[in-house]
Amino acid sequence: MQFLSVNCVLRYMFAAFLLLPTAASGGYRVRPCQAPLQWEGRTVTYDHSTGRNTRAIVSYDGQNQRIRVLEEKKGHIPCKKFFEYIYLYQSDVMFQIEQVTKQCAKMPLTDDWDPYDIPDNSTYEDQYFIGGPDDQIQVQEWSDRKPARKTETWVGVYTIKDCFPVQETYTKNYSVTTSTRFFDLQIGISDPAVFIPPSTCQSAVSRKIRDSC
């Protein structure tokens, strides 16, 4: 049996100490994980102002600051249009494409790039398992809560193993605005061409297309 050196023991003790809860912070001294820069998967976004769920297939390219969202058709909804959205943040432009007619709208992006990740200055909130004893995944919960602001405007839940997003919630004026759940995620972009607008966008209109008849 080999014995650890004093320096080695001290290093282990220091590493364990960093994970202990502290009275001053009320949480754990852990650092945010690094989320994947490119992935594809599915999402469900709930808009709390309209009460509407939107299901979509998403291609996320954080490296080039672009996102493609393809709304999924779930059942027949009279007079409901489904769209494809292409967000190109480096060009400050977004495209809205109607899936059937390919009618296209081109509009400027007014919001800054907001990646699916955990900012370095985030506040650690909790760590727990999702699911039951034989079918579970461990996640961490983070927020932008600060001592000077007791409430948060963003809460993100990410897996510990690969740092995939599980859920993100945004609030404004003390009310939840949107909640997005992520699932079926895979690393990488299978077809980079999804970020290229169709030819119909060469004659795009400059206003948003209505999603109803």
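Rundown of residues vs (1) assigned to a strand (DSSP E or B); (2) at positive phi, yes/no style:
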site	(1), (2)
73	no, no
78	no, no
105	yes, no
114	no, no
121	no, no
125	yes, no
131	yes, yes
151	no, no
158	yes, no
Among the numbered conditions (1) under 20 Å from the mean Cα position of the chain (by Cα); (2) surrounded by 13 or more Cβ atoms within 10 Å (Cβ to Cβ); (3) not in a loop (DSSP other than H, G, I, E, B), tell me where residue 97 comes up short. (1)
What number of residues in the stretch 115-132 are surrounded by fewer than 12 Cβ atoms within 10 Å (Cβ to Cβ) and acidic (Asp, Glu)? 1
Criterion first (assigned by TED's automatic domain parsing to the domain that holds residue 199, modelled with pLDDT under 95, surrounded by 10 or more Cβ atoms within 10 Å (Cβ to Cβ) and of a type outside the set (Ser, Thr, Tyr)) does residue 80 satisfy it? yes
So if I check each of 175, 179, 199, 212, which one is of a type in the set (S, T, N, Q) and in the same structural domain as residue 66 (by TED's automatic domain parsing)? 199
Would you check if residue 88 is of a type in the set (A, V, I, L, M) and either at pLDDT below 95 or more than 21 Å from residue 184 (Cα to Cα) (or both)? yes
Just to be sure I understand the filter: pairs with C-beta atoms under 9 Å, separated by 6 or more residues or on different chains, first member in the stretch 185-213 and more than 29 Å from residue 159 (Cα to Cα), second member surrounded by 10 or more Cβ atoms within 10 Å (Cβ to Cβ) and hydroxyl-bearing (Ser, Thr, Tyr). Which pairs pass? 200/101
Counting only residues that are within 20 Å of residue 177 (Cβ to Cβ), over 18 Å from the mean Cα position of the chain (by Cα) and acidic (Asp, Glu), the stretch 111-162 contains a total of 0
Single residue of the stretch 162-187 satisfying the filter (at pLDDT 95 or above and either surrounded by fewer than 12 Cβ atoms within 10 Å (Cβ to Cβ) or of a type in the set (A, V, I, L, M, F, W, C) (or both)) that is farthest from residue 120 (Cα to Cα): 184
For the stretch 186-206, indicate whether the set of residues that are part of a strand (DSSP E or B) and not β-branched (Val, Ile, Thr) is non-empty. yes
Residues of the stretch 34-71 being modelled with pLDDT of 95 or more and outside any strand (DSSP E or B), in sequence order, are 34, 35, 36, 37, 62, 63, 64, 65
Can you find a residue in the stretch 175-182 that is under 20 Å from residue 84 (Cβ atoms) and among the hydrophobic types (A, V, I, L, M, F, W, C)? yes
Condition check: among the acidic types (Asp, Glu) and within 25 Å of residue 62 (Cβ to Cβ). Does residue 152 satisfy that? yes
Which listed residue, of 105, 56, is more than 22 Å from the chain's Cα centre (by Cα) and either among the charged types (D, E, K, R) or surrounded by 16 or more Cβ atoms within 10 Å (Cβ to Cβ) (or both): 105
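The values are calculated or read from the model by the stated rules, or taken from the named source; none is laboratory data. Quantities reported herein were computed from a predicted structural model and do not represent experimental measurements. No Cβ is skipped: glycine too gets one built from the backbone with ideal geometry, and neighbour counts run over all protein chains shown.
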